[in-house]
Amino acid sequence: MIFAVPIPAVKGSTPRRPRAIRGPQQTRIEAIRLALRVFLLGVLLAGVLGAFSPARGRAEGREYEFKAAYVYNFIKFVDWPAQRLPASSSTINVCVVGKEAYRAALETINGKSVKGKTITVTSYNGPQDVSRCHILFVGDSETTHLSSLLEGVRPAGVLTVGDSSSFAKEGGVIRFRNENNKIRFDINPRAAEESGLTISSQLLKLARIVQ
């Protein structure tokens, strides 16, 4: 809230505008706005850097390195249920299913710190691994059994990320898509809710919403 303090005018001088005193609420609002501007700039830069074209000989691995950077930033704007990711936990586990190229690309964020925790990247080998996964990255090579895969991990509070065309529509939380040779993403809020995940409104504003 801003309180206006009147300043008496001096004869013969131009009256000055009231001086604004910033309250705690206004300071918090400005801090949030600044954080959002910084994030928007980061996403814009990622979109520019993420431009790619197979015709120009860009390797598939390079594309997935950019997607790995997005995954790293997604973590900042997603909250897991306390029982899935307690404050005492020191790691956030990213599981990868699909081609070896996906795993190799995600290794670029392995060991990085976010939200006071260290990211670990491992392979997903089946339902027995669900309990240790906070994020499951599903490559487009897994489309034949995508529905059953997503259905199996949904109750476990896992953030699912993938890039097949039907990923979000089939119940995945975040789906990458290519638009004008740039990486963009869709979010399925209902899938996130069913997994017990809370996604920041800031991130939702940057996504195309899929129901």
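Read-outs: derived from the displayed coordinates by stated rules, not from any lab. This one's a predicted model, so the numbers in the text were calculated from it and none came from an experiment. Here the Cβ is made from the backbone with ideal geometry for all residues, glycine too, and neighbour counts use every protein chain on show.
With R₀ fixed at 22 Å, the C-beta to C-beta distance from Ser147 to Thr198 puts the FRET efficiency at about 0.35. Annotation: extensible slack from Asn180 through Ser131 equals 13.9 nm (criterion: 0.36 nm per residue apart, minus Cα-Cα distance). The stretch between Thr122 and Ser88, if pulled fully straight at 0.36 nm per residue, gains 10.2 nm over its current Cα-Cα span.
Out of every Cα pair in the stretch 59-209, what percent are spaced more than 20 Å from each other? That tail contains 43 percent of the Cα-Cα pairs. Within straight-line reach of Lys99, meaning a Cα separation under 18 Å, sit the following lysines at least 8 residues removed in sequence or on another chain: Lys67.
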